[in-house]
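What follows is a single structure, written as structure tokens, with notes after it.
The values are calculated or read from the model by the stated rules, or taken from the named source; none is laboratory data. Bear in mind that the values here come from a model prediction, so they are computed numbers and not experimental data. Here the Cβ positions follow ideal geometry from the backbone for every residue, glycine too, while neighbour counts run over all protein chains shown. All accessible areas refer to the heavy atoms of the entire protein, side chains included, with ligands and DNA or RNA removed. Shrake-Rupley method; radii C 1.70, N 1.55, O 1.52, S 1.80 Å.
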Amino acid sequence: MTKIKAKRSITKASNSKVSATKTSNPTSGHIGLLVLGFDEQQKPCGARFVDAKPDLVAKAAQLMGLNVYKPSSPDIAEVAKKLPVGQLYANGRAFVPNIRQTLYSDVIVALAAEPQQAAIGPDHDKTSTTVARGLPGSWDEIAPGHLVIAQESLPNGWWEAIVLDRKDDMLTLRFRDFPRLPKFFRHRSAVALMSPASKQ
């Protein structure tokens, strides 16, 4: 009798576990806020902050030069759940670890698919209004404001990007058609130039 009861208990526990797994689809509320960007070594970093105050997360992200996003769809939440959980410190900073480029690209693509996806914080208001002012004639001539073509990743292809800054041969860029996405970095030789329209 004891063995039969034990088997029944194990069966019930297993069924409960399966049911919980089937119904545990991530939602934006479970994911919290997303912090994304690049660190000082120009490596992608990202984290999700659950049950954290948006204003504190935004301030910490601003100190680190990162962007904050609030997931608004199950698709974003599904990808964002793979991000590590970040931590807020008493000094106002946060722990946002480096992540794989592939994971960073997956989250960026998910955010780009949501046209109304909004970034949180003052950095978004300042940078989302950047407008391209022309095309560079050569790689040596690339300067802030120029429009170039940059590869987001191998699977996601090349997109128009605006040069925000240049230090030696390193460019700080932002995708023209997705101003809410984080800025990123590329070597000048890693971007493509656009040919101006031929004059008739």
With the requirement that a residue be of a type in the set (S, T, N, Q) and out of contact with any strand residue (DSSP E or B) (no Cβ under 9 Å at 6 or more places or on another chain), what does the stretch 151-183 give you? S153, N156
Report, by residue number, each residue of the stretch 69-115 that is in contact with a Phe, Trp or Tyr (Cβ under 8 Å, 6 or more places away or on another chain), part of a helix (DSSP H, G or I) and among the small types (G, A, S). A112
Just give me the residues in the stretch 82-94 being closer than 25 Å to V109 by Cα and open to solvent by 90 Å² or more (accessible area, probe 1.4 Å), in sequence order. K82, Q87
Can you tell me which of (1) closer than 23 Å to L34 by Cα; (2) open to solvent by 50 Å² or more (accessible area, probe 1.4 Å); (3) in contact with a Ser or Thr (Cβ under 6 Å, 6 or more places away or on another chain) is the one D165 doesn't meet? (1)
What about L173, is it assigned to a strand (DSSP E or B), over 30 Å from L56 (Cβ atoms) and modelled with pLDDT of 90 or more? no
Inside the stretch 64-76, can you point out the residues that are out of contact with any His (no Cβ under 7 Å at 6 or more places or on another chain) and either acidic (D, E) or open to solvent by less than 20 Å² (accessible area, probe 1.4 Å) (or both)? L66, V68, Y69, P71, S73, D75, I76
Can you tell me which residues in the stretch 77-98 are in contact with a strand residue (DSSP E or B) (Cβ under 8 Å, 6 or more places away or on another chain) and of a type in the set (A, V, I, L, M, F, W, C)? A80, L83, V85, L88, A94, F95, V96
